[in-house]
Every structure is written in C-alpha cells, then in structure tokens.
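Input: a single structure, listed below in structure tokens.
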Amino acid sequence: MLRVGLFVTCLVDMMRPRIGFAALRLLEQAGCSVTVPAAQTCCGQPGWNAGHRASAQALAKKLIAEFESCDYVVPPSGSCSGMLRVHYPELFAADDPWRERARTLAARSWELTDFLVNVAGVKNLKNLPENPTRLTATYHDSCSGLRELGVKTQPRTLLALRPGVELREMAECETCCGFGGTFSVKYGDISSALAERKCANIAASGAQAVVLGDLGCMLNIEGRLRKRGDLDTKVLHVAEVLAGEDQLP
Amino acid sequence: MKAQSIHFKSRAAAALDNAVLQDNLRRFSSGGLAQLRSNAVQAYGPAAFEELRDAAQGIRNRALANLDAWIERFEREAVRRGATVLFAETAEQARDLVLDIARRHGLKKAVKSKSMLSEEAGLNDALDGVGVQPVETDLGEYIIQLAREAPSHIIAPAVHKSRDQVSDLFQQHHGGARKTAITELTREAREALRRHFLSADLGISGGNFLVAETGSGAIVTNEGNGRMVTTLPGVHVCITGIEKVVPTLEDFSTLLRVLTRSATGQPISNYVSFFTGPAAADTEGPRHMYFILVDGGRSAMLGTDLQDMLRCIRCGACQNHCPVYQTVGGHAYGWVYAGPMGSVLTPAFIGLENSPDLPQAATLCAACSVVCPVKIPLPDLLRNLREKEIDRGLRPWYEVLGIRLWSWFAQRPMLYALATKLAMRLLRTMANQRGMLSWLPFGSGWTKARNGGRFMPAPAGKTFREQYAASKRSKGA
C-alpha cells in the first residue's frame, strides 16, 4: 500500500477545505494509506517568490521534518508541488545537510493528478459518487504544474473517467491567469487585466465550469468572473469534480 | 537613452488606459510571432528543436566561459583583415567613439540598421547634436524615429503602432496622399529611404554575432536594409555588446537556425549579412570598417548568478510569450529592453535601484523560459533579483514585514491554527450573499484595479484542519 502524506496547502486549508477532503477521498479510493500531519501549514512559497530565502528555508525545514516519514507527499496544487519538487533543493547550499533531505523529499513529491495517474495508476473512479448531471468543463492549465512539472494530460485523463464530464478546451488554456502570488496585489492593475483575458476565453468556450488544479488561479478567476457579472460559470478544483463533489452548494 | 524604468507602475497604468495601444497589443498577442514560432518548431520537429536549443545553449556557454580569449581572438582576426576594433566600457563612451569617427572622417549623414546598443547610448540624439543626420532604415525603427519614440520590442520596434497610426505619420512626414495599404506604405518608406542610402557617408549597424575565427560581424535582417547600410556608405561602424562573440562560423550557423525560428518562425531570415574588414582596394564597399565592442555592465554579470542572461541572442521570443508584456507593451518597462529579458538586463545595466519594479512585475509563469532558444532560466533570474532587492533594502518595509509575519505564524502551528480559524470566520461574516468579499485587508490591489478588479471569494468558514480534527475525534469516539 502506498503511504501518502496529504499536504493540504495553506490556501485549501483556509479557503476551500472541501478540496482537501476531495483529495483525501481520491487518494484513499486509489488504494493509498493517507496521513494528514496535523501541524502542517505553508510550504514557504510566498517567501521564496518574494526573494525572502530565510523565511522559505524555515518553512521548508518544517515541512520536510513533518513529511519525510511518508513515501509520497501529495498536494492538490501545481505550484506547491513545484515548490517542493523543484525549488526545495535550491533553497539550501550544497554543504548544508538539509540539501540532501530536501532532495529526498523533492523526489517523493507529486502533484495530485500526476500522482493518481503516474504513481497510483488510477484506471477508474468507480467507487466515487456518480456525477448526476452533465457538466461541460474547460480546463485551465496553471503555470507551475504545466511548465515545472509537466501536468497537462493527467487531469484530462482523469476527467475523461467521469462519464458526465465533457471537456471543451478554451483558447489560451496555457496562458497565465495573472495570479502570481503577491503579484496579484502588488500589480493589481496588470493582474486583473490578465484575469479578464482568461475570463473572456472561459466565457468564449461556452463551458459550464472552469476546472483547474491550483487555489491561487481559482480565487483569481472566480473573483473576476463574478465581478464581471458572470454568476453561473462554476469554478471547480479538479479534485472536486473527480470526487463527485462538484454538485455541492 | 534616459531610463524611465523607475516609473514602471505609472507607465503600465497609462498603457492599460490607452485604448489604441491595447487594441494594437491585442492584435500582436493573439496572432503574431508566438504562433509563427510554434509552427516552425512543429515543422522542424519538436524533439530536434530541443536538441538545437541544447546545442545553442552550449555554444553560448562555451563562448562566455572564455569570453576574454574569444574577444581577443576576434580582435586579432578583425584587425588582420583591416578593420579597426575599439572598446568602450560604457554606452556613453561608445557614443563618443562614434562621434569621434564621424568628426575625423567629416561625415554628415548616417544610415542605420537596427542596433539596440545605439539605443542604450542615445546615439541618434548625439549625432543630431553634432550635425550628423541619423536615419533609421529598418522599417519599424524608421517609423518610431518619425514618431520620436523608443522601440517597444526587440525585433519589432514599432509593434505598438497600428497601420492607421503609421498612415498618419507617413502623410505628415512624406506629404502627398494618405496611404492605407501596407504595400503602399512600405513602398513609400522604401522610396524615402533609398535617397538616404545613396547619399549617406556613414553606415551604422548593430551585430547579432561576432565570429571570432574570422573577425566578422553578422547581422540578420528581413528587409535588406542592413546590407545597404553595411556596404553603400564609405565608412561602416558596427556597434554591439562584448558578449555577442561566438567562436566559429559553425557555431554561428547553429545559432542562426534557432534564432530566426524563435523570433519570427522563419527557417532563415531573408538576409544574413557578414562584414569582414573594409572593402578591398579594387572593389566597391566601405573603405573604413570599425567595430565598437561595448561592455556597458556586461562583464560585471560574468561569474555571477546573472551570467546565464548573457547567453541572450535577442530573438524576442520571451516578449512574444509574456502575458505581462502583452498587456502593458514594451514602453512600460522604461528603457531599451522590455519583457522578461529586459526585466533582467535593465536592472543589471542601469541598476536595480533604478528599476526595482521590473523583477517584481512578473507572475513567474515561465512561458518565457520554455521558449528561450538558449534556455535562460528567466524566472529564476527574476527571483534572484528579488532576493537582491530584499538584501539591499529596496523593498517597502511593510512588504518585508508581511512575509516575516506570515513565516513566523506558519512556524507556530498552534498559534497559526488559532489565527487562521478566527480570521476565516471573520472574513466569512464580511462576505455578501454570493460569498464574495469586495474588500480585503491589505489587498486593495486585488479589489480595486483599473478594470474594476476582482472580488475575493470568501473562505468557507471552518478550516480544513479544524474539520479534519473534528472528524477524527468523532470517528475515535
């Protein structure tokens, strides 16, 4: 049995806990033994991207210590997975003993859909609730997942396993939504303009829902969609759709 | 060129408010060069193109690893073939060298093919000041010279202008009937430029590459203007950066294949011109040939975290793929180089303190680095510059405090749990009926942007960790 540590991520923990439960359910249905370290908080990405290495290092050490007893660390997020898998080793100098621990953890870190397809070998979602209605969905490829980890076909492969879900690709599905962490606040004018471009593409796709794998993009896109008066298009995390939780209020 | 990069935010805001510019940028980003590159990569074969990128990266790294030796080799070979090689520590020194050459030869009119170094040096104004008329002959550069503007894109300097704007500009400067068809406009420009080509006594070009083994400069153009600039006037000055040296012609040919495909999707540009010394006595061509090799902050990048940036071959692919560049245009960046490459080069050349926004004004989406023909890790370099900004105290205190506070809390799980629990409940109560917040503490940038901004979807109310702990307790009970 695969022993997986679920890293919920700080944004899911605070903003959309049900995504964490959906991820938990998906991992358990895939036959994993899942632990959720109780003291987990943040992976340190905000500090890393702001250029504050010390704060990123402190949080990386905390996360490594909490998760290194697991065979796998799986966050329902491309950018947090990218942080663990690509950037943790870069945080520490070559002669720092934490470098090796970071490397070991990096090798065990997988984005949720990548893990389900390429490690757990999920071939069906039979044990999960059926999607009662049809849902046309368009998929937004978030930047870190796509370009740091190669997450492209994995979520689509899994969505195809849900009979009710029909994928309708939008134009520029690989273009950044404009979130970029603190960029979204520091350069709000530009960030919001990028979000608008994304929302226009979502609207043009005619899909009922935009599905994605990162909370940052999710808040940015949903916030802009509602602001531009679109109260109907659903904004769903891929884990919610796969776990059959997309029908909840 | 006087740098305005310190004003990035207000320049970006002005760009967002400029409806005509937004229209032009949309046209550029929706069709344009990114699609052409993608087609070219498909035609070449994506796997083979990856190998080509690896080879190009290797060539540039080899050149930079022994840059001093390759520059000396270039100088030796160029001098042996009759060229004069001059070195300038700064762009201003390079400008003075050009003025000096013009004075010594008594030159009056300079035709120019595209040179970004000439922009760094503010050469056109300086030439004007000493009575030498500078005429840009690249069509895009010609347009912005008429408009008295700076280039906004590394290979398409007038990409921020629409056809209509060019029609107006041409009518204003050329007189006659207002032309609207692109073929008519280019014909008109060609006729205007032809006079200048034939009457100029100085040709100024940039250099895409300098080939060490032959002492040659090489430029890549589509309009043929570069060839006229480098062959018709009696004096030719090539002004370029010291990092442009490549060891061999073979290296050049590899880089050429990746350069044009990355830039415009062409397998090869319409013209590839080499210049190797002045013309022989019994042939036509320039009697005097100068190379001015400019440092301008480049050597200071060698051996640092930013050395990778010196691999840049100025194709513009990072600009063509950058969502921020496509939204604010090149002028927002406030100096010669825009987009991702400019956000690294500008701080390196004019100082981080004069361009503190540039490394920050990026989402780190990495659309640039995955298309870079020489695999420059642009997001890593931007992040590196952000680190330098913090180290040098160039970030506002509240930003640094915010990061520190977050990190402090996140290292104390009990306190963090309590704080997030209370904060999420509080935010939940502030939401409207649709679960949206229209105000965020410290987040006015999110909610109050120029286009109306965004709501912040409110949190669910109870955190995952709370709910998970509760569910475990109830299972245990």
Being surrounded by fewer than 23 Cβ atoms within 10 Å (Cβ to Cβ) and part of a loop (DSSP other than H, G, I, E, B) narrows it down to one residue among A:33, A:69; which is it? A:69
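Yes/no matrix, rows are residues, columns are (1) under 30 Å from residue B:92 (Cα atoms); (2) in the same structural domain as residue B:154 (by TED's automatic domain parsing); (3) touching a Gly at 6+ places or on another chain (Cβ under 9 Å):
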site	(1), (2), (3)
B:349	yes, no, yes
B:367	no, no, no
B:384	yes, no, yes
B:392	yes, no, no
B:404	no, no, yes
B:414	no, no, no
B:420	no, no, no
B:434	no, no, no
Looking only at residues that are in contact with a Pro (Cβ under 6 Å, 6 or more places away or on another chain) and at the interface with chain B (Cβ under 7 Å from one of its Cβ atoms) in the stretch A:13-40, which one is farthest from residue B:362 (Cα to Cα)? A:39
The lone exception for residue B:405 - which of (1) within 8 Å of another protein chain (Cβ to nearest Cβ); (2) over 20 Å from residue A:17 (Cα atoms); (3) not in a loop (DSSP other than H, G, I, E, B) it fails: (1)
In the stretch A:175-190, how many are within 8 Å of another protein chain (Cβ to nearest Cβ), in contact with a Cys (Cβ under 9 Å, 6 or more places away or on another chain) and at negative phi? 3
For the stretch A:101-119, state whether one or more residues are over 21 Å from residue A:49 (Cβ atoms), surrounded by 18 or more Cβ atoms within 10 Å (Cβ to Cβ), out of contact with any Lys or Arg (no Cβ under 6 Å at 6 or more places or on another chain) and of a type in the set (Lys, Arg). yes
Taking the criterion of being more than 30 Å from residue B:259 (Cβ to Cβ), surrounded by fewer than 15 Cβ atoms within 10 Å (Cβ to Cβ) and either of a type in the set (Lys, Arg) or modelled with pLDDT under 95 (or both), would at least one residue in the stretch B:377-391 satisfy it? no
Given the conditions (1) surrounded by fewer than 18 Cβ atoms within 10 Å (Cβ to Cβ); (2) among the small types (Gly, Ala, Ser); (3) part of a helix (DSSP H, G or I), which single one is not true for residue B:343? (1)
For the structure I just gave you, tell me whether residue A:59 is crowded, with 24+ Cβ neighbours inside 10 Å and either touching an Asp or Glu at 6+ places or on another chain (Cβ under 7 Å) or over 25 Å from residue A:125 (Cβ atoms) (or both). yes
Which numbered condition trips up residue A:143, out of (1) surrounded by 22 or more Cβ atoms within 10 Å (Cβ to Cβ); (2) in contact with a helix residue (DSSP H, G or I) (Cβ under 6 Å, 6 or more places away or on another chain); (3) within 14 Å of chain B (Cβ to nearest Cβ)? (2)
Options A:206, A:244, A:213; residue that is more than 14 Å from chain B (Cβ to nearest Cβ) and either among the hydroxyl-bearing types (Ser, Thr, Tyr) or touching a Lys or Arg at 6+ places or on another chain (Cβ under 7 Å) (or both): A:206
Taking into account only those residues within the stretch B:408-439 that are out of contact with any Lys or Arg (no Cβ under 7 Å at 6 or more places or on another chain) and touching a residue at least 40 places away in the same chain (Cβ under 8 Å), which is nearest to the other protein chains (Cβ to nearest Cβ)? B:420
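The values are calculated or read from the model by the stated rules, or taken from the named source; none is laboratory data. Note that the structure is predicted; figures quoted are calculated from it, not measured. For neighbour counting, all protein chains shown are included, and Cβ atoms are generated from backbone atoms with ideal geometry for every residue, glycine included.
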